[in-house]
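In what follows, a structure is listed as structure tokens, so that the remarks can point back to it.
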């Protein structure tokens with residue numbers, strides 16, 4: 001595997017000439033630069049990140065937005081997006097019953113949904129929530145089969161995103177997406193929930209329930225979905241209270257040193273998320 005030195009091509013979305021207070025905007029740029037400096041401490045690999053301010057209604061940080069990333073478990077958010085679209089089109093219903101449910105014992109559904117463990121049938125809305133909250137590939141496969149199969153899901157994705165593709169095996173090399181499109185996927189889900197919460201609630205519920213906590217960030221503040229392989233990290237989420245102008249972000253890192261032997265990259269990524277949280281706390285309300 002060839003490692004690639006990170007090239008931090010910063011594109012801070014700003015136009016200081018049009019702003020009455022240039023120092024304030026410059027200060028915000030410095031905060032974003034701290035995040036990039038932290039990611040730059042990952043000496044081997046390639047990193048991309050996009051951060052969107054709901055307050056400003058614009059991207060405030062963009063780095064390597066065209067980076068192609070393996071999605072791993074994060075692909076389940078793309079699957080759920082398709083299901084919500086099918087529900088919106090009245091092809092299926094959130095109350096439809098998905099049969100032959102099995103839970104992946106290597107995941108944590110027994111901890112988050114202990115009351116589901118004896119059941120082999122779930123309403124579609126619950127199955128999608130479990131799929132996301134527990135990163136459960138067994139439940140994901142049943143949801144996809146119920147909705148027409150992997151080909152149908154990918155055909156739906158291609159109508160919205162040219163470069164996102166999902167597979168039954170989360171580790172498959174074809175289970176991938178472009179950073180900017182994964183970000184747009186997250187943005188559509190967030191904005192959809194604000195406009196029509198009943199339609200998008202199962203996805204948001206799954207993000208809220210997942211247990212991938214980050215030190216120094218209250219769990220209710222960080223609602224996200226992670227994915228990872230031995231040399232890949234993917235993290236997409238909503239950072240902040242839903243009613244207090246949260247930040248939307250997608251972060252991807254590829255060609256990292258083996259994460260099972262070296263956790264340096266993981267530590268720097270977590271520290272970057274913590275810096276992003278500081279930015280959220282200090283943004284204008």
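Please treat every number below as a calculation from the coordinates, not as lab data. Owing to the predicted nature of the structure, the values given are computational and were not obtained by experimental measurement. FYI the Cβ positions are ideal-geometry reconstructions off the backbone, even for glycines, and counts take in every protein chain you see.
Couple of notes before you dig in:
- Per-q log10 I(q)/I(0), region 180-251, q = 0.20, 0.24, 0.25 Å⁻¹ (Debye; single scatterer per alpha-carbon; no solvent): -0.86, -1.20, -1.29
- Between residue 263 and residue 91, the FRET efficiency estimated from the beta carbon spacing at R0 = 41 angstrom works out to 0.40.
- Helix-only mean residue ellipticity at 222 nm for the chain, each DSSP H run of n ≥ 4 adding -39500 (n - 2.57), per residue, nearest 500: -12500 deg cm²/dmol
- Taking all Cα pairs closer than 8 Å and separated by 6 or more residues, the relative contact order of the chain comes to 24 percent.
- Relative packing of 45-51, 114-120, which averages over residues the other C-beta atoms within 10 Å, highest first: 45-51, 114-120
- Difference of contour (0.36 nm per residue) and Cα-Cα distance, residue 158 to residue 102: 17.3 nm
- Estimated translational diffusion coefficient (Stokes-Einstein, Kirkwood radius over Cα pairs, 20 °C, 1.002 mPa s) of region 43-96: 151 µm² per second.
- Cα Rg, Dmax, the chain, angstrom units: 18.8, 62
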